[in-house]
Structures are given as C-alpha cells and as structure tokens.
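Structure first, then comments.
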Amino acid sequence: MKILDELFSFKGQVIIITGGAGAIGSAAVELFSTLGANLVISDINEEKVHEVAKRISDKTGNEILPVVADSTDEVQLQDLVDKTIAKFGKITGLLNNVGWGAATPTFGSTTEKLVNAYKLNTVGAYMLTKFCMPHLEKEENASVLFSGSLVGTSPSPEFIEYSTAKAGLLHMVRSMAVVGGPKVRFNSIVIGSVDNGESTLEAGYTKEMLEKLNQMFVMKRRGQPMEIAYAMMYFMSKAAAWVTGAQITINGGGVYQSKMPT
C-alpha cells in the first residue's frame, strides 16, 4: 500500500479552502488535514471557522489557519492570500468550495439578486484564483478545484440565480485549464443533493421535500459531505497529475425514469 500512501499524502502542502465552516468544506478540511496538509480555511462565519480550525487541528496535529473572509470582497480575498503566504510561505492548492443559492422562481428574480449570486458563486472563485496564481505556478502539481452543482448542468428553473452562476463557473474552469497547463491543473466537481444540514433548509427545502428526494435517487439517499471530500482528495492528489479541465458528477446515480412508461 506504499504507493497509495505516496499518491494521497499531502504532507508539506499548503491548501486554501473557502467555505471551510460549512458541511462539505469542514469535511474537506478534516480529510486534507488528516492526510498531512497545512490548511488555510476561510468563511464568513467567524465563530464557526475558528471552531472548525481548532477542533480539527487538535485532532490531526497539523496547522490550520482560520481567516474570516467574505468571498464577494476582493480586498478580503487578497488579504486571505497574503495571510497564507505570511504564515506558510507558499500555496500549493486552492479549493474554491464556497457557494450557495436559495430557491427563486424563473421570473421572480431581480438584477441585484442575479448579480449577487454571480459574485458569490463565480466571481469570488475567479478573483481568489487570480490572486493565488503567481504562487501556484511555482509549485509542483499545483491544483485548483471548484465545487460546482448539478443545477448548473441541467434545467433548474426553481434556482435560476444559483444555477446560472454555477453554469458559468463550470465553463470558466474549462477556460482556466487551457491557459493554466501545464503548470496548474483546474478541475471541478458537479455536486448533487448533499445533506448540508441547516443550509439546505435555508435554501427553501422542507423536511418532507428532502424525504421525497431521498427516494428519487438511484442510491435512495442524499450524499454525505465526506463523500464529496473524497473526490476532492483525488483531484488534488498526485494520482490526478494528468487530469485537468475535467469534471466529475457525484449525484447518487441521479434520478432514473423508465424509457418505457406504463
């Protein structure tokens, strides 16, 4: 198993993870820290980002620097990069994980809401990647990974703001991969319905809706945050050294409908 230890060791690496206090973000923080990485995690929730950093660092023994940052604020994103360099001296990976969107009818949005969704889910990832690039280009197997969403790949009129922004994100990643190679790899994960705790309810779902969702998927359940983190681990690892401009969909097999309706 030595080869697996080598491929999935993150010792000596410094990775920034945005949205690090959320369900998927904190799962990724725990996994990468367990595998030896030093992490810088950002979130707009000051109390929670510090709690996650301390809890996981105490568990793994690896350093985690918590930074309170709004991913829609360029100044704060540049400060996030500056603090990372001041603390660890380098950046070897970036996980653009932050993102969120509430249910909004197709023709029920406004210019402000559409722009704000784009700023949070797409522009913030662009700006942080831009600020990290001079540092990433110096590192071997540097990798940038983006958390996409299934709503950005299929018609999603119930989430017109969020889905449009995530669709733009996925196209942006493919463009970045073209200019980033061979120095920096760019990939994305298209995430299906995951148990994100309270944030799922805040997006407009009810518990009854979630029960129905569970039965719709081939796997008869929603995903768990750590199951997404495992895919993140692959894309950021040495095992994916020849993978760029790719995306993988993790959605429990999706929703199946018979081609022979009764």
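The values are calculated or read from the model by the stated rules, or taken from the named source; none is laboratory data. Remember, predicted model here, so these are calculated numbers, not experimental data. Neighbour counts run over all protein chains shown; Cβ positions are idealised from the backbone, glycine included. The protein model used for the area step is the full one, side chains on, heavy atoms only, and it has no ligands, DNA or RNA in it. Shrake-Rupley method; radii C 1.70, N 1.55, O 1.52, S 1.80 Å.
Numbers below:
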| read-out | value |
| --- | --- |
| Cα pair count fraction exceeding 11 Å, expressed as % - segment 206-248 | 72 |
| Accessible surface of segment 142-262, 1.4 Å probe, proportion on carbon and sulfur as whole % | 61 |
| On Cα atoms only, tilt of 207-216 relative to the major axis of the chain in degrees | 90 |
| Cα-derived Rg to Rh of segment 167-207, Kirkwood definition | 1.22 |
| Heavy-atom accessible area ranking, 1.4 Å probe, most first, across Ser193, Ser143 | Ser193, Ser143 |
| Radius of gyration and maximum dimension Dmax of the chain, Cα, Å | 18.1, 64 |
| Gain upon complete extension [Lys54, Lys11; 0.36 nm per residue less C-alpha separation] | 13.6 nm |
| Cα-only radius of gyration and Dmax that characterise segment 1-141, units Å | 16.0, 55 |
| Accessible surface of Tyr234 - all protein chains present, 1.4 Å probe, nearest 10 Å² | 90 |
| Restraint check, Lys87/Lys138; Lys207/Lys259; Lys48/Lys207; Lys2/Lys220, Cα-Cα greater than 26 Å | Lys207/Lys259; Lys2/Lys220 |
| Protection proxy ranking of 127-134, 173-180 - average other beta-carbon atoms within 10 Å, highest first | 127-134, 173-180 |
| Span per principal axis, largest first, for the Cα atoms of segment 136-262 (Å) | 53, 37, 26 |
| Rh by Kirkwood over Cα pairs, then Stokes-Einstein D for segment 1-81 at 1.306 mPa s and 10 °C, µm²/s | 124 |
| Helix 23-34 vs. the chain, principal-axis angle (Cα, 0 to 90°, nearest 10) | 30 |
| Probe 1.4 Å, accessible area per residue of segment 144-262, Å² | 54 |
| His50, His135, ranked by accessible area, largest first (probe 1.4 Å) | His50, His135 |
| Ranked packing of 216-222, 74-80, 107-113, most packed first, by mean Cβ within 10 Å | 74-80, 216-222, 107-113 |
| Calculated diffusion of segment 94-170, Stokes-Einstein form, Kirkwood radius summed over Cα pairs, 10 °C and 1.306 mPa s, µm²/s | 121 |
